[in-house]
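The values are calculated or read from the model by the stated rules, or taken from the named source; none is laboratory data. Owing to the predicted nature of the structure, the values given are computational and were not obtained by experimental measurement. Every residue, glycine as well, gets a Cβ built from its backbone with ideal geometry; the counts of neighbours run over all protein chains shown.
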Amino acid sequence: MLQSKDIQSIEELKKYFSCSTKMVDYLVNLLSFFEFKRVYGVLKPLKKRGYDIINVFPLLIILPFLKHASIHALFKSRSKDLSCAQRDVYYRFKKMQIIPWRKLLLNFVKRFVVIVEKKAQEVNEGKRCLIIDDSLLDKRGKTIEFAGKLWDHVTHSYKLGLRLLLLCYYDGTSNLPLDFSLHREKGKNEQKPYGLTKKQLKGQYKRCRIPGSESDKRAREVDRSKTDVGIAMIKRALKFLKVDYVLMDSWFTCERMIECVRSYIFFFKKISLSGI
């Protein structure tokens, strides 16, 4: 059933967004509503030459809504006129190892929570919580960096891919991705670590990373314990979010996890977001 009676048919929405220009205008206006520049303003000092990074970043955000899987697909389509920059500008931006993607995502959630609390006509008395869970990301190529064989608890079989650890914030109405990490599992077979032969591992893509960069920090998480990374995620989140619960699968539950949640909720429950 449609949520709004003003929209007689879902086809009206499809017709409205059939024009990429209308969709871009709508999404750009949505970003301005969130005052999104306050979120990605942290990127501005990172790019000192060429196109302003604040003009480049919004197109990458709305790219999935334009039904283009990549920058290459965008510039092959009629939508290429949406940007005055060339494709190389976006490729170089995506390859920058110093971009704090994790901080960007956290800033977005901060901004979202502040706006919702200001705009809400009624106080949301629902329970707020963090949700942490992992899932399998299927991959097709064995040469993909860090890809390996992982046990799929849904199909009860081994699949090639990476394990995604995701932390979400739920306020009773909205569910927002807050933080994430990627992991692989070495396994117990020393002859085939990560479920691959030594030849297959040697043939995997290996990127040269700047030591200490944001990209390097992400890469180091791949072999870290999901419990350790999950605890670090929760600590970062509870420094600025007020929550009542942290939900997780039973295998995440351990003494360190419980101690982390109880101590941080107790100390940071009264933090105000008014200054963000």
Requested in this report: Go through 149, 206 for me and flag whichever is more than 18 Å from the chain's Cα centre (by Cα) and surrounded by 17 or more Cβ atoms within 10 Å (Cβ to Cβ).
Outcome: 149
Report summary line: (1) surrounded by 13 or more Cβ atoms within 10 Å (Cβ to Cβ); (2) in contact (Cβ under 8 Å) with a residue 60 or more places away in the chain; (3) not in a helix (DSSP H, G or I) all hold for residue 181 apart from (2)
Query - Residue list for region 240-272, filter: modelled with pLDDT under 75 and farther than 13 Å from residue 129 by Cα - result: 266, 267, 268, 270, 271, 272
Query - Hey, residue 71 in the same structural domain as residue 29 (by TED's automatic domain parsing) and surrounded by 16 or more Cβ atoms within 10 Å (Cβ to Cβ) or not - result: yes
Query - Single match in 76, 22, 48 (criterion: farther than 30 Å from residue 130 by Cα, surrounded by fewer than 13 Cβ atoms within 10 Å (Cβ to Cβ) and at pLDDT 70 or above) - result: 76
Requested in this report: Those residues that are surrounded by 12 or more Cβ atoms within 10 Å (Cβ to Cβ), modelled with pLDDT of 90 or more and not small (Gly, Ala, Ser), I need them from region 154-174; list them, please.
Outcome: 158, 159, 160, 162, 163, 164, 165, 166, 167, 168, 169, 170
**Report entry** Any chance residue 223 is in a loop (DSSP other than H, G, I, E, B) and under 20 Å from the mean Cα position of the chain (by Cα)
**Finding:** yes
Report summary line: Residue pairs qualifying under the 7 Å Cβ cut-off, at least six apart or on distinct chains, with the first in region 90-116 being in a helix (DSSP H, G or I) and the second being among the hydroxyl-bearing types (Ser, Thr, Tyr) and surrounded by 14 or more Cβ atoms within 10 Å (Cβ to Cβ), are 104/40; 109/169
Requested in this report: Being without any contact (Cβ under 8 Å) to a residue 60 or more places away in the chain and either touching a strand residue (DSSP E or B) at 6+ places or on another chain (Cβ under 7 Å) or more than 30 Å from residue 244 (Cβ to Cβ) (or both) narrows it down to one of 127, 188, 206, so name that one.
Outcome: 188
Report summary line: residue 144 passes all but one of the listed conditions (1) hydrophobic (A, V, I, L, M, F, W, C); (2) surrounded by fewer than 15 Cβ atoms within 10 Å (Cβ to Cβ); (3) not assigned by TED's automatic domain parsing to the domain that holds residue 240; the exception is number (3)
Query raised in the report: How many of the residues making up region 209-220 are surrounded by fewer than 12 Cβ atoms within 10 Å (Cβ to Cβ) and not in a loop (DSSP other than H, G, I, E, B)?
Result: 1
Query raised in the report: Does residue 106 fit the bill of being farther than 23 Å from residue 182 by Cα, surrounded by 16 or more Cβ atoms within 10 Å (Cβ to Cβ) and not assigned by TED's automatic domain parsing to the domain that holds residue 241?
Result: no
Report summary line: Considering residues that are of a type in the set (Asp, Glu) and closer than 26 Å to residue 231 by Cα, the number found within region 101-160 is 5
